[in-house]
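Beneath this line is the structure, given in structure tokens, with notes to follow.
The values are calculated or read from the model by the stated rules, or taken from the named source; none is laboratory data. Since we're looking at a predicted model, the values are computed, not measured. All Cβ positions, glycine included, derive from the backbone under ideal geometry; neighbour counts span all protein chains shown. Quick note on the areas: whole protein, heavy atoms, side chains included, nothing else; ligands and nucleic acids left out. Shrake-Rupley method; radii C 1.70, N 1.55, O 1.52, S 1.80 Å.
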Amino acid sequence: MIRVLLVEDDPMVAELNRMYLSRMGGFEIVASVRSAPEALALLQERPVDLLLLDIFMPGQSGIDLMREIRKQALDADVIFVTAARDTATIDRALKLGAVDYLIKPFEFERLKQALEDYRETRHMIRRGESLDQSALDRRLGRRPMEDRKAEGLPKGLDRNTLDKVLKAIGAWPEPTPWFTAEEIGQLVGISRVSVRKYFEFLSTLKVLRMEPGYGTGGRPVHRFQLQKAYLREAQRFL
């Protein structure tokens, strides 16, 4: 059983979370407390696997509690269940190692998903499994690379032409990193319209950065720049 500590100062929300957990198999509620000091005292006395933790509480916040848990090297994971939605708070929570972050109000299905994912991860660890990259990617909620490759190129695009376009982009002279579809089309030997299709695809992969602009006569002329850090995203289609 996965031992869970509820840390929530609102009795109605705490009871709702308790009700949700009662629907899940494999979880045992160790206790429900209303403040960070109460939670820390209990963690120092009893083994707990998982905290469902609010951030807004009187006195110490949930972030303060999680910092103290990490400082004391207490072996407990945290899923935040909170109304805090500002990016700075979310960033701090994730950097401290929260395994999930739920923003109130939420539907039961979202909490169910978080708990099921956590339960499966715990079972995997307890089984002592050795994972390859694909299995780990699936466990982390990411698409394995071979699944992405299987998707193939969008309709109308060709691998050989994509390769030529990428080579022409890679050979574009510095220190003038910006280029147009027409300029690359001249190097590759295909029309500007055809190059734009490849540029649109590469932009979705973040391989290209676009800067809108205008040429002579007010005609739109978009300039592009290679984002080398994302180049591997395109190379997997070759």
Study note, to complete from the structure: Cα-based Rg/(2.2 N^0.38 Å) for the range 55-123, rounded to two decimals, is 1.13
Check your understanding: If you take the charge dipole of the chain about its Cα centre, with +1 on Lys and Arg Cβ and -1 on Asp and Glu Cβ, which of ALA114, PHE80, THR176 is farthest toward its positive end?
Key -> THR176
Review point. How fast does the chain diffuse by Stokes-Einstein, in µm²/s, taking the Kirkwood radius from C-alpha pairs at 25 °C and 0.890 mPa s?
Key: 112 µm²/s
**Study point:** Reachable aspartates and glutamates, given that their alpha-carbon falls under 15 Å from the alpha-carbon of LYS95 and they are not under 8 places away in the same chain
**Key:** ASP64, GLU68, ASP77, ASP86
Check your understanding: Excluding ligands, DNA and RNA, what is the solvent-accessible area per residue of the chain at a probe of 1.4 Å, expressed in Å²?
Key -> 58 Å²
Exercise for review: Summarise the accessible area of the chain (1.4 Å probe, protein heavy atoms) by the percent that is carbon and sulfur.
Suggested key: 50 percent
Point to revise | GNM flexibility winner over the chain from MET210, MET124, MET66 (Cα, springs under 10 Å) | key: MET210
Study note, to complete from the structure: Diffusion coefficient in µm²/s returned for the range 45-91 by Stokes-Einstein, Kirkwood Rh over C-alpha pairs, 20 °C and 1.002 mPa s, is 188 µm²/s
Check your understanding: Suppose every K and R has +1 on its Cβ and every D and E has -1 on its Cβ; what is the size of the dipole of the chain about the Cα centre, in Debye to the nearest 20?
Key -> 1040 debye
Revision key, fill the gap. Everything considered on the Cα gyration tensor (a ≥ b ≥ c; rounded for a/c under 1.5, else prolate if a/b is larger than b/c, else oblate), the range 1-64 must be described as oblate
Exercise for review: Please list, or write none, the aspartates and glutamates whose alpha carbon is within less than 17 Å of the alpha carbon of LYS206, excluding same-chain residues fewer than 8 places away.
Suggested key: ASP163, GLU233
Practice item. Return the calculated 222 nm mean residue ellipticity for the chain, to the nearest 500 deg cm²/dmol, obtained by summing -39500 (n - 2.57) across DSSP H runs with n ≥ 4 and dividing by the residue count. Key: -14000 deg cm²/dmol
